[in-house]
Every structure is written in C-alpha cells, then in structure tokens.
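A.B. asks: Quick one: this structure, given as structure tokens, is what I'll be asking you about.
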Amino acid sequence: MGWAMELNEKLADFYRKHISESKLDGTILKGSCPFCQSKGKNESLIWVYLGARSYFAGYFRCQNRCVPGGFALHFARLGSIDPDTVPGYDPDREPYVQSQKFPASTINADIRSYGDKLTPNIETYFARIGVSSATLQELNIGYNGRYVVYPYVMRNGNCYTAHCIMPDNETEQFWHGEQTFATNGLQIFNINDIDHCEDGAMFLVEGEQNLLCLRDLGFPGIAVPRATDLKSIDIRQFDYIRTVFLVMNQSPESIEAARTFAEQVGFKARLLQWPSQKKRGYNLAQLAAEDLDSFKTEVTKMVNGSKAFSPFRSPSHEYDLFLGNIERQQSESYKALRTGLDSYDAAVGGIYGLNIMGGPPKTGKSCLGIQLGTEIARKKMGVLYYDFENGTQKIYQRTLARLCRIPVSQIVAADLEADEKNRLESAQDELQKMLQFFRVVNDRQINPVMMRRHIDFLRHETRRDDTLVIIDSLHKLPFKNFSERRTGINAWLRELESIRDELQVGFLIISELTRQESGRYDGVPHMGLFKDSSDIEYTADNAMIFLPEWDPVEVKTGTERLNSLWLVASREHSPGLIAKYRLDFPYWGFTEIEEQQN
C-alpha cells in the first residue's frame, strides 16, 4: 500500500469500535451515524477521514449534519465515551476557560426568526459560491429582509450579537444585539469549532461568507470579520489545535495581520498563499464563484502548498545568505572598512562586528574615533557618528585641521600664508565631499528603531550596504526606560548586537573605564576596567582599551603624547598590545608608531 492509502491505525481502531457497520473506502471510514437517532434525525452515514499523512486524520462528519463535525475527542464527548480511550488523550490537559460574563438576555429568538426568513433568492445567492441550504441551516444563517444575518454563537450555545451584511455590498453592514460581543476578541464566527477540533486541524479565515464555502466542502473552521480582528484574539484558545490554516483576503494588510498572528501561535499556523496576480481583495468566495467544479481541488492545492510559520529561515535561503556574506567579504565595499592603520588591521582585521574601545577621560578616544570614521568615509563608505561628547562643529573643525595640518585656532583666525590657504581650500573641498558619507547625529533621544532608520537611509543614499556606526559614547546613550544605568547599558548592547546581526553593520563604540583606587589606570589592561557593564565581555567581538602614557590632567608643553591600544578580549583574535599611537597635536590625529608585539 502506498503512503497515499496509509491509515492512522490507532484512530481507525478507535472509530471502528464505536461506529457500527463501518467499512473502509480508501482512507475514509464510512458507517452508520451513532448520533442521528438521538438528535431526531433519520439515520445517515458518518464519514471519518483516516489518512495517516492528512492534516485532518480523525475528522468525522455526519452526512445528515445531525451534530457538528470534529475530531476524536469531540466524538468521545458526544458519545459519552471515556476520553482515556481516545488516542493521544492527555488527562493532565487544562481546558481553556473563557473569562466572560454573559448577559441574561439573548437574541436567540431573533436568530430563529431570521433563519425562517431565508428566501429562494438568498439561497441562490449562496449557491453560486457552492454554499448549500444545509450549510446555511447548520450555521443558523438568516435574513432580515435586507441583510444576511451571521449569528455569533458563544461557547455556551447562546447568541448575543449577529453580523448583518448586505448581499453583494459587504461595505454596508452593522452589528445587531449586544455590541460588546463584536469586539475584544469575542468576534469569532462559529467559535465552537475550536473545541470540536481539539487535537486536529481547522481553518481560520477572513469573512464569514468565505468560511461557509469551506464548510460546504466539509472542512471545519472559524472566521473573523476582518483580518485586523486577529490582533485581539486570545491565542490560548488554539493551544490544543495541531494545525491552523490561515486564509486571508488578498491584500498586504490582511497578510501582515496573518503573519503577526502566526508569530504568536507559532509553528502550528500555516499560511495559504494567493497567486500574486490575484487582484486586491480576492477571497475564497470569488474563487468558488469563478469555477465551482474545481473549487475543492484548488483549495486542496493551497492546503498542500501552505507553509508553516517558522522562526527559522529556509535551509536554501540560509545557504544563499551564507554564500552572499562570503562574497560580501570579498567586495571592495567590505574591504574599505579596514582602517589603514597596519597594526590595528593586523590585530583585529578592521572594523567589523561590535568593537568597544574604553579609555580614561581626555585621552583621545574621541579623537581616534573621529579619525577612523572620517578616513573610512573618505573611501566613500557610509559612516554614522553618534556624538554625545564634542558637538558637530568641533568634529568638523578637528577633521579639517587634520586634513590640512593647520591648527584650529589658526583656521578660525584666518591668519594663513599662501601655501596654508591652498591646503585649507583643498581640505575644505575634501571635507565637503566626505560629508555625503559621514553623518553626525547629536539627537539625545535616539533609540534602536531610529538607529535602524538612519542606517537604512545612509545605505540608500550611498548605494553601499556596508556601513560603520561609531557611538561616542556608550555611557551617554539615553536610558530613560531603565531605572539603572547599568541595566540601560546592557540593554543597549543587546540592541546593538541585534542590529549588527540583522544589518551586517560594523560598530566602534567608545566606552568609559572604571577608575582604580589609585585614581590611575596603571597595570595590564583587563575586562574589569570597563564601566557599568557586565555584558561587554559577552557582546563585543573585540574589546579594546586605549591608555595614555602621559598625564591627561597635567599636560606639560612639549610632552610627547603616546597612547597604547590593547586588545583585552576577542572572539577571533589573540589579546595583547595592538600598537602605540602618537597624538599629532595640534592637528588632532594619531600616528601608529609601533607594530603589534608578539
């Protein structure tokens, strides 16, 4: 026997015991319905779908519709069968309890009255999309003389509100009855099918009429009036449903609402996709109206082609991304994120990943950060400089001084020789071109969402994917949502780590150090010197410390200002001294003077 004819043997044995005169027709068990007589119906056949590979294995349906169809546990409840005999039954399962107070009055009488008013024209209206009179009666669909009435029966069997929709003009509609039952997650049409489908599969569709089309085919399911209503549905109701097929109308808004819902429900949600050429608003009823004979075949294709919502990328997509990142690392754009400082690049490979550089106050951390950022921007690479220390004017002036090798004071005083004027003009022209790629942000209300937008904008403007983000400094980032600065810093580090992974961005983050008891930072640098964060060790790809070999408090004229840069922790590189750097004062640049020590 091929897999298409394979039975779920446990379910088959269960149903055979409780359905008399049953016979197999392929993978469908057919026999006398055990419920018709007790429901006052003429005896009819009951069908049970038992294909082992089917999402609907174990689903039963009386051909006389004497009881609502469902899966094995629902069958057991209807037949007063010990649930312990149902395959897969979990006695420790806690049922979903709806914490809802119901009013004393109902609109049950109105619903019965509307059901009696169904006209041949309304039945013909539904017949064109394959909905039979039997399905209309099963779901208590009515007509009030102008509107089709869809009753929203609650789990207690009573109806408190109904959705009234004008035939062929769905924009004209209103709610009849208690309005609170049309909101707050209670707007679920045919809600009892959730209980009937325990340990099985069901559809969740947009629009009551679309659900009727599926119900006539024999599928169980529920509907919401609009896809946006999904956001208020309590997803705990689906805890014991194995598979939820989501069928929304064809629109970006409906698909997005379905995806958001699927994210909460998890892997059991499967999204049915419409072909891209289908027009906006296309739905199941329109599919049925176009070709009723092939409607079930088309729905079956959509079910078989549906994709489970997964927290993972597909293996093929994952592999393509892997290859794409290798190609990116071979590109000129990626290589441009190397600093040009030989020892630095040899030690850490450039500014890739999350690089955190700590140092004492007034020792040149910002100066080195500005130099690295502007040098990369000169190579026409996008650089975002989040400045909470110096101010835009000071950053530009010091960059200009470094480029033309004229002190800022002399530039401001405009006291220049002819050669200096030429160098200044050349540097000004270069700075102006650089600013297309080098953007300074001083907004102290910055947040991770805004940072992502800045990165996306700069990528769009520069037509480069690789981007460098410099933050000066970590301890000046806004922490208004956090009661403690330590908590805020660690939260920011996790956000930056996420941006690094999502957008493949390089970070250089300037940090403060914790002052030692002596007031100095002597000794071999180590991770414990970083201030107010225990997460740097776990989030940083490279953690560095920039230490002066001079006294930043009492700077004597003519003092050679040497700083040593240490790598104290790295995911891929060996810790140790990277190099020493001489501050080229008053031109605000550092010169690398020593190769990495072995």
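Please treat every number below as a calculation from the coordinates, not as lab data. Fair warning: this is a prediction, and the values are worked out from it, not measured in the lab. With ideal geometry, Cβ positions are generated from the backbone for all residues, glycine too; neighbour counts draw on all protein chains shown.
A.B. asks: At what distance in nm do the modelled label points of residue 133 and residue 323 sit from each other, each positioned 7 Å from its Cα along Cα→Cβ?
C.D. replies: So the two model labels end up 6.1 nm from each other.
A.B. asks: Which of the pairs 476/580; 278/307; 117/296 have their Cα atoms more than 25 Å apart in this structure?
C.D. replies: 476/580; 117/296
A.B. asks: List every residue whose amide H lies under 5 Å from the amide H of residue 406, counting only residues 5 or more places away in sequence or on a different chain, with H placed 1.01 Å from N in the peptide plane.
C.D. replies: Result for residue 406 returns nothing.
A.B. asks: Let me make sure I get this right: for the stretch 344-592, a, b and c are the square roots of the gyration tensor eigenvalues over alpha carbons, sorted descending. Under 1.5 in a/c it's rounded, otherwise prolate if a/b > b/c, else oblate. Which is it?
C.D. replies: Here the stretch 344-592 falls in the oblate category.
A.B. asks: Can you give me the angle between helix 392-404 and the longest principal axis of the chain, using Cα atoms only, in degrees from 0 to 90, rounded to the nearest 10?
C.D. replies: For 392-404 against the chain, the angle is about 50 degrees.
A.B. asks: State the dimensionless ratio Rg/Rh of the chain (Rg: radius of gyration of Cα atoms; Rh: Kirkwood radius).
C.D. replies: Over the Cα atoms of the chain, Rg/Rh equals 1.17.
A.B. asks: Per residue of the stretch 318-324, in order, report the coupling 6.51 cos²θ - 1.76 cosθ + 1.60 (Karplus, θ = phi - 60°) as ³J(HN,Hα) in whole Hz, putting x for Gly and Pro.
C.D. replies: Each residue of the stretch 318-324 in turn: 4, 5, 4, 5, 4, 5, x Hz.
A.B. asks: If you average the alpha carbon positions of the stretch 122-146 and of the stretch 347-392, how far apart do those two centres end up, in angstrom?
C.D. replies: 69 Å
A.B. asks: Restricting to DSSP loop positions (anything but H, G, I, E, B) with no more than 10 other Cβ atoms inside 10 Å of their own Cβ, which trypsin sites (Lys or Arg not before Pro) remain in the stretch 125-194?
C.D. replies: Taking the stretch 125-194 and a limit of 10 other Cβ atoms within 10 Å, the loop trypsin sites (Lys or Arg not before Pro) found are 146.
A.B. asks: Go ahead and estimate [θ] at 222 nm for the chain from helices alone: -39,500 (n - 2.57) per DSSP H run with n ≥ 4, summed, over the residue count, rounded to 500.
C.D. replies: Helix contribution divided over all residues of the chain: -9500 deg cm²/dmol.
A.B. asks: Counting DSSP beta bridges with both partners in the chain, what percentage is antiparallel, nearest 5?
C.D. replies: Around 55 percent of the beta bridges assigned by DSSP in the chain are antiparallel ones.
A.B. asks: List the aspartates and glutamates whose Cα sits under 20 Å from the Cα of residue 531, skipping any in the same chain fewer than 8 residues away.
C.D. replies: Within the straight-line cut-off, residue 531 pairs with 387, 389, 472, 484, 495, 497, 512, 517, 522, 541.
A.B. asks: While we're here: Taking the radius of gyration and the Kirkwood hydrodynamic radius from Cα positions alone, what is the Rg/Rh ratio for the stretch 108-308, to two decimal places?
C.D. replies: 0.94
A.B. asks: Next up: What are the lysines whose alpha-carbon lies under 20 Å from the alpha-carbon of residue 41, with same-chain residues fewer than 8 places away excluded?
C.D. replies: Leaving aside lysines fewer than 8 places away in the same chain, those within reach of residue 41 are 30.
A.B. asks: How large is ³J(HN,Hα), in whole Hz, for each residue of the stretch 122-129 in order, when computed from phi with the Karplus curve 6.51 cos²θ - 1.76 cosθ + 1.60 and θ = phi - 60°, using x for Gly and Pro?
C.D. replies: Working through the residues one at a time gives 5, 5, 5, 4, 7, 5, 5, 10 Hz.
A.B. asks: Now, a different point. Amide H to amide H under 5 Å from residue 144: which residues, 5+ apart in sequence or cross-chain, H placed 1.01 Å off N in plane?
C.D. replies: Close amide H contacts, sequence-distant or interchain: 149.
A.B. asks: How about the stretch 9-89: which GluC sites (Glu not before Pro) there are in a DSSP loop, with at most 16 other Cβ atoms within 10 Å of their Cβ?
C.D. replies: 21, 43
A.B. asks: With θ set to phi - 60°, apply the Karplus curve 6.51 cos²θ - 1.76 cosθ + 1.60 along the stretch 288-304 and write out the HN-Hα couplings as whole Hz, x wherever there is a Gly or Pro.
C.D. replies: My calculation for the stretch 288-304 gives 5, 5, 5, 7, 5, 5, 9, 4, 5, 4, 5, 5, 4, 4, 5, 5, 5 Hz in order.
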